[in-house]
Amino acid sequence: MGDELGRWAEPGLLVLASLADGDKHGYAITTDIADQVGVSLGPGTLYAALSRLEDRGLIEGLPAEGRRRPYRLTAAGAAELSAQATRMQRLATLSLGRLRTATA
């Protein structure tokens, strides 16, 4: 994942966050993201993100359950999510602190 502004809403990062609490198939991932973050991923966006994440070894596809194929976060995916979340947390703390100082 990159460092450019706006990456917190990058579909791949949202998918990693969704998979952090357990294996899910595509529909469950989109529902979780919509419920928890308020972002709606279309099927094309979701499956492109899943493909990129799988190619990078950040998630792995599991055997299909009927027509649905669940995905799992890998150790590399968990490490990437942790690094990105830590960076976002530092940015949020810095930003909110500076905004408080500027408006005081």
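Here are some notes:
- Helices (runs of 4 or more DSSP H) wholly inside the range 1-93 that include at least 2 residues being loosely packed, with under 13 Cβ neighbours inside 10 Å: 26-37, 43-55
Table: residues versus (1) among the hydrophobic types (A, V, I, L, M, F, W, C); (2) modelled with pLDDT under 95.
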| residue | (1), (2) |
| --- | --- |
| Glu65 | no, yes |
| Pro70 | no, no |
| Thr74 | no, no |
| Ala79 | yes, no |
| Ala83 | yes, yes |
| Met88 | yes, yes |
| Leu91 | yes, yes |
| Gly97 | no, yes |
| Ala102 | yes, yes |
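The values are calculated or read from the model by the stated rules, or taken from the named source; none is laboratory data. Given the structure is predicted, the values throughout are model-derived calculations rather than measurements. With ideal geometry, Cβ positions are generated from the backbone for all residues, glycine too; neighbour counts draw on all protein chains shown.
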